[in-house]
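The structure under discussion appears below in the form of structure tokens.
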Protein chains: 2
Amino acid sequence: MATIKDVAKLAGVAISTASYALNGSSKISGETKKKVEEAAKTLNYKKNGLASDLKRTKTNTIALILTDLSGPFYSELIKGVQDVTTANGYDLIACSSIGGSKSTAAKFLTEKRVDGAIILAHNISDEIALEAAKHNFPIVVLDRHLESESIYQVEVDNVHGGYLATEYLIKRGHKEIAYVSGPSNSHDNILRFQGYMEALEDNHIPYQPKWKIVSDFTRSGGYRATKLLIAQNDLPEAIFYANDEMAIGGMQAFKEKGIQVPDDISMIGFDDIQLAEYVHPPLTTIQQPKYEAGSLAVHLIFQVLGGEKINHHYKLTTDLIERKSVRVIQPSSSTQG
Amino acid sequence: MATIKDVAKLAGVAISTASYALNGSSKISGETKKKVEEAAKTLNYKKNGLASDLKRTKTNTIALILTDLSGPFYSELIKGVQDVTTANGYDLIACSSIGGSKSTAAKFLTEKRVDGAIILAHNISDEIALEAAKHNFPIVVLDRHLESESIYQVEVDNVHGGYLATEYLIKRGHKEIAYVSGPSNSHDNILRFQGYMEALEDNHIPYQPKWKIVSDFTRSGGYRATKLLIAQNDLPEAIFYANDEMAIGGMQAFKEKGIQVPDDISMIGFDDIQLAEYVHPPLTTIQQPKYEAGSLAVHLIFQVLGGEKINHHYKLTTDLIERKSVRVIQPSSSTQG
DNA sequence: GTGAAAGCGCTAACAA
DNA sequence: TTGTTAGCGCTTTCAC
């Protein structure tokens, strides 16, 4: 483990000179520079990044906090984050928030190991985020509402998305529309449900509590919720799943029971994950501008780091992607099932 | 930014005492400990992880180097890595090797920012890995052969997998079998091709160069390679794609031309990615023990970190997953082995 | 253009 | 049990 000291000694210069030479300062003569570089090479010197960062009180890296490194997550979003991070000459690391306050995420958030962070991890508490956000440590949250001087939020218009999905179902003649919900403490979920309620109301369709099934955003959760709906022996005409993963789990449940989508029941998801277009039938869903969300998030961080004063809230729009999982119900003799 | 100095001062104790108290040393009296903790709380003190790591010359985190954070990659593998890393009380960060020697990956590999690393990133050079691997900085590579004191490799039996795939096709009556290759410098690809050749030879089927198409492991690469095959106007009976992504691209190409899989042509992939069972028809492919590979990789790192002497090579077996993309060709005149 | 020296914030001998 | 102190390896004034 050669240090800069060793390099300086071998090159016969002072430590500071070695440092300047290695970092490409213009005040070092070509000859000295060469000497130092050679010494570094023969000693196989590699700088200690921690020491360097500590001294400079700057890490040049930003963290992306994810629920779980092994996914599923939005690769488009990560791409957006990655692209603008590297474009700005910064490094990006991803870490998981599994383990809550003892997680890697918490460690990187609080211990000054990065210059800023983006949170997309419902399993990390508001408290941790709030505590970590301090002056000059910007955090942007993609999955919650949080008010703090150094916290910025970019969100997708979930209410509108929920409205869009529900309205689409209604316009195609569905009246009995179930909502398979995400975790009830999920911010996204609450907003999507709100959109569902608003669309129902605007179309004078009464909300029926029996058609709200609480699940957990996972594929197996969607599967179980759907089984439950089937077991009730009173299927709705359509189901709005609060995310695609659950919808795909639901498809599986229907397939097992020989219930055809969309002929026997319509379904719609939310997210437009990659799989959505490959399942059978291809899933109609709500698309979020994921790449934009990701790139905007980092962009905001760099603005704050650069000393700009910026807004704390950003909202992006959603679109409906029409595929094959919803049928049209003829309005003639409207009594089904 | 309160430091431990401020905490010590407020608590009226020495810096070392504060440090001990905060780190839960048993030699500190309960009373002192409480005083220190209170001071820390009122100052909103958070330790500087860099300083701590620098002093201890240990980071307690290991890095997972991936080609691209935004995938596609093997989530099962990451799960394996993640599970055993956290089980050992270590932190895990993922970083991308986009950018080669200027990438985040290179930075974390060389600048002593982590205690060990796992490389699954064909776009990072052997040189970087070799340079980074030094005594007490273990690296395990999952995607190449590399000999060095501190480099360990776990690989999947690609030759056997390639053999299995090809043999399966042959046993179902196919003789004209194309190989859509990954990049020719890919280690995995070379081995899979070797398995293909061996199976051909063992079954007395001559290898025909016209049926090796070089592509690049991407979906669009597979699409293009397949288009090329179609344009040749002389389709084989079956195609062995060196990975699933390319096979899925190939399916798309066939679909556009109205060529039915498997009725008009059989295909088989390699990897068993998540999508494989969802495409139409579901893709028969070779499954790798990804979770095991990931968990074994970290396990090895911890053994080395713990001072154990271990083997440098590990090989895991592959299995064939039978789905619907291969038809059986009736043995008109020839008999099966 | 180069060198001496002062820390960045922390841990851990060692001394008291 | 607590305090003093010497660094971890680096960057960066400031003097020459």
Study note, to complete from the structure: When the stretch B:44-71 is checked residue by residue, the ones that are assigned to a loop (DSSP other than H, G, I, E, B), crowded, with 18+ Cβ neighbours inside 10 Å and more than 7 Å from chain A (Cβ to nearest Cβ) are B:TYR45, B:THR59, B:THR67
Practice item. Taking the options B:LYS27, B:LYS79, B:LYS33, name whichever one is in contact (Cβ under 8 Å) with a residue 12 or more places away in the chain, over 30 Å from A:LYS290 (Cβ atoms) and of a type in the set (Lys, Arg). Key: B:LYS33
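Would you confirm whether any residue within the stretch A:18-29 is more than 9 Å from DNA strand D (Cβ to nearest atom), assigned to a helix (DSSP H, G or I) and either farther than 28 Å from B:LYS58 by Cα or within 14 Å of another protein chain (Cβ to nearest Cβ) (or both)?
Residues of the stretch A:18-29 that are more than 9 Å from DNA strand D (Cβ to nearest atom), as a first pass: A:21, A:24, A:26, A:28-29.
Cutting the leftovers down to assigned to a helix (DSSP H, G or I) gives us A:21.
After this cut, where a residue has to be either farther than 28 Å from B:LYS58 by Cα or within 14 Å of another protein chain (Cβ to nearest Cβ) (or both) as well, the list is none.
No; the residues of the stretch A:18-29 include none that is more than 9 Å from DNA strand D (Cβ to nearest atom), assigned to a helix (DSSP H, G or I) and either farther than 28 Å from B:LYS58 by Cα or within 14 Å of another protein chain (Cβ to nearest Cβ) (or both).
Name every residue in the stretch B:103-115 that is of a type outside the set (A, V, I, L, M, F, W, C) and either at the interface with chain A (Cβ under 9 Å from one of its Cβ atoms) or away from DNA strand C (no atom under 16 Å from the Cβ) (or both), in order of residue number.
Going through the stretch B:103-115, the residues of a type outside the set (A, V, I, L, M, F, W, C) turn out to be B:103-104, B:107, B:110-113, B:115.
Answer for the stretch B:103-115, where residues must be of a type outside the set (A, V, I, L, M, F, W, C) and either at the interface with chain A (Cβ under 9 Å from one of its Cβ atoms) or away from DNA strand C (no atom under 16 Å from the Cβ) (or both): B:SER103, B:THR104, B:LYS107, B:THR110, B:GLU111, B:LYS112, B:ARG113.
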Revision key, fill the gap. Scanning the stretch A:75-102 residue by residue, those within 8 Å of another protein chain (Cβ to nearest Cβ) and not aliphatic (A, V, I, L, M) turn out to be A:SER75, A:GLU76, A:LYS79, A:GLN82, A:THR86, A:ASP91, A:CYS95, A:SER96, A:GLY99
Practice item. Identify the single condition in (1) closer than 22 Å to B:ILE273 by Cα; (2) of a type outside the set (Phe, Trp, Tyr); (3) touching a Leu at 6+ places or on another chain (Cβ under 7 Å) that A:GLY294 does not satisfy, given that it satisfies every other one. Key: (1)
Review point. Counting only residues that are among the charged types (D, E, K, R) and farther than 18 Å from B:THR218 by Cβ, how many does the stretch B:184-207 have?
Key: 3
Study note, to complete from the structure: Of the residues in the stretch A:203-219, those that are part of a loop (DSSP other than H, G, I, E, B) and over 26 Å from the mean Cα position of the chain (by Cα) number 6
Check your understanding: Taking the stretch A:256-282 on its own, how many of its residues are within 12 Å of chain B (Cβ to nearest Cβ) and without any contact (Cβ under 8 Å) to a residue 12 or more places away in the chain?
Key -> 1
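Yes/no matrix, rows are residues, columns are (1) touching an Asp or Glu at 6+ places or on another chain (Cβ under 9 Å); (2) of a type outside the set (Asp, Glu):
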{"position": "A:GLY221", "(1), (2)": "yes, yes"}
{"position": "A:THR226", "(1), (2)": "no, yes"}
{"position": "A:GLU237", "(1), (2)": "yes, no"}
{"position": "A:GLY250", "(1), (2)": "no, yes"}
{"position": "A:ASP271", "(1), (2)": "yes, no"}
{"position": "A:PRO281", "(1), (2)": "no, yes"}
{"position": "A:GLY306", "(1), (2)": "no, yes"}
{"position": "A:ASP319", "(1), (2)": "yes, no"}
{"position": "A:GLU322", "(1), (2)": "no, no"}
Review point. Exactly one of (1) farther than 25 Å from B:ALA2 by Cα; (2) at pLDDT 90 or above; (3) more than 7 Å from chain B (Cβ to nearest Cβ) is unmet by A:ASP126. Its number?
Key: (1)
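Filter the stretch B:6-57 for residues that are among the acidic types (Asp, Glu) and more than 11 Å from DNA strand C (Cβ to nearest atom); which is farthest from A:ALA132 (Cα to Cα)?
Keep residues of the stretch B:6-57 that are among the acidic types (Asp, Glu), which gives B:6, B:31, B:37-38, B:53.
Within this subset, residues satisfying the condition of being more than 11 Å from DNA strand C (Cβ to nearest atom) are B:31, B:37-38.
Values: B:GLU31: 28, B:GLU37: 18, B:GLU38: 18 Å.
If we take residues in the stretch B:6-57 being among the acidic types (Asp, Glu) and more than 11 Å from DNA strand C (Cβ to nearest atom), then B:GLU31 is farthest from A:ALA132 (Cα to Cα).
Restricting attention to the stretch B:149-160, does a residue exist that is within 14 Å of chain A (Cβ to nearest Cβ) and in contact with a strand residue (DSSP E or B) (Cβ under 9 Å, 6 or more places away or on another chain)? Quick ask: steps written out before the conclusion?
Within the stretch B:149-160, the first condition is being within 14 Å of chain A (Cβ to nearest Cβ), and the residues that meet it are B:149-150.
Right, trim to in contact with a strand residue (DSSP E or B) (Cβ under 9 Å, 6 or more places away or on another chain) and you get B:149-150.
Within the stretch B:149-160, one or more residues are within 14 Å of chain A (Cβ to nearest Cβ) and in contact with a strand residue (DSSP E or B) (Cβ under 9 Å, 6 or more places away or on another chain).
Would you be able to tell me the number of residues in the stretch B:46-67 that are more than 17 Å from A:LEU54 (Cβ to Cβ) and either within 16 Å of DNA strand D (Cβ to nearest atom) or free of Cβ contacts under 8 Å to residues at least 40 places away in the same chain (or both)? Please lay out each step first, then the result.
Pass one, the stretch B:46-67, residues more than 17 Å from A:LEU54 (Cβ to Cβ): B:62-67.
Imposing the further condition that a residue be either within 16 Å of DNA strand D (Cβ to nearest atom) or free of Cβ contacts under 8 Å to residues at least 40 places away in the same chain (or both) reduces the set to none.
Selection size over the stretch B:46-67: 0.
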Check your understanding: A:MET1 passes all but one of (1) touching a residue at least 12 places away in the same chain (Cβ under 8 Å); (2) closer than 21 Å to B:SER101 by Cβ; which number fails?
Key -> (1)
Point to revise | Scan of the stretch A:72-84 for residues that are crowded, with 22+ Cβ neighbours inside 10 Å and touching an Asp or Glu at 6+ places or on another chain (Cβ under 7 Å), ordered by number | key: A:GLY80
**Study point:** Candidate set from the stretch B:215-228 (those that are at pLDDT 95 or above, surrounded by 15 or more Cβ atoms within 10 Å (Cβ to Cβ) and of a type outside the set (D, E, K, R)); member that is nearest to B:LYS175 (Cα to Cα)
**Key:** B:THR226
Exercise for review: Go over the candidates B:VAL261, B:VAL328, B:VAL298, B:VAL279 one by one and state the one that is exposed (fewer than 13 other Cβ atoms within 10 Å of the Cβ) and among the hydrophobic types (A, V, I, L, M, F, W, C).
Suggested key: B:VAL328
Check your understanding: Taking helices (runs of 4 or more DSSP H) that do not extend beyond the stretch B:88-187, which have at least 1 residues that are within 16 Å of DNA strand D (Cβ to nearest atom)?
Key -> B:104-110, B:126-132
**Study point:** Number of the exception - B:LEU200 against (1) part of a loop (DSSP other than H, G, I, E, B); (2) in contact with a Pro (Cβ under 8 Å, 6 or more places away or on another chain); (3) modelled with pLDDT of 95 or more
**Key:** (1)
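State the number of residues belonging to the stretch A:294-327 that are hydrophobic (A, V, I, L, M, F, W, C) and either in a loop (DSSP other than H, G, I, E, B) or closer than 30 Å to A:PRO281 by Cα (or both). Spell out the reasoning first.
Narrowing the stretch A:294-327 to residues hydrophobic (A, V, I, L, M, F, W, C): A:296-298, A:300-302, A:304-305, A:310, A:316, A:320-321, A:326.
Going one step further and asking which of them are either in a loop (DSSP other than H, G, I, E, B) or closer than 30 Å to A:PRO281 by Cα (or both), we end up with A:310, A:316, A:320-321, A:326.
Residues meeting the conditions: 5.
Would you mind finding the one in A:ALA129, A:ALA133, A:ALA87, A:ALA121 that is within 17 Å of the chain's Cα centre (by Cα), without any contact (Cβ under 8 Å) to a residue 24 or more places away in the chain and outside the structural domain of A:LEU191 (by TED's automatic domain parsing)? I'd like the intermediate steps shown before the answer.
Details: A:ALA133 fails: within 17 Å of the chain's Cα centre (by Cα); A:ALA87 fails: within 17 Å of the chain's Cα centre (by Cα); A:ALA121 fails: without any contact (Cβ under 8 Å) to a residue 24 or more places away in the chain.
Exactly one of A:ALA129, A:ALA133, A:ALA87, A:ALA121 is within 17 Å of the chain's Cα centre (by Cα), without any contact (Cβ under 8 Å) to a residue 24 or more places away in the chain and outside the structural domain of A:LEU191 (by TED's automatic domain parsing), namely A:ALA129.
The values are calculated or read from the model by the stated rules, or taken from the named source; none is laboratory data. Since the model is a prediction, treat every value here as computed from it, not as a measurement. Every residue, glycine as well, gets a Cβ built from its backbone with ideal geometry; the counts of neighbours run over all protein chains shown.
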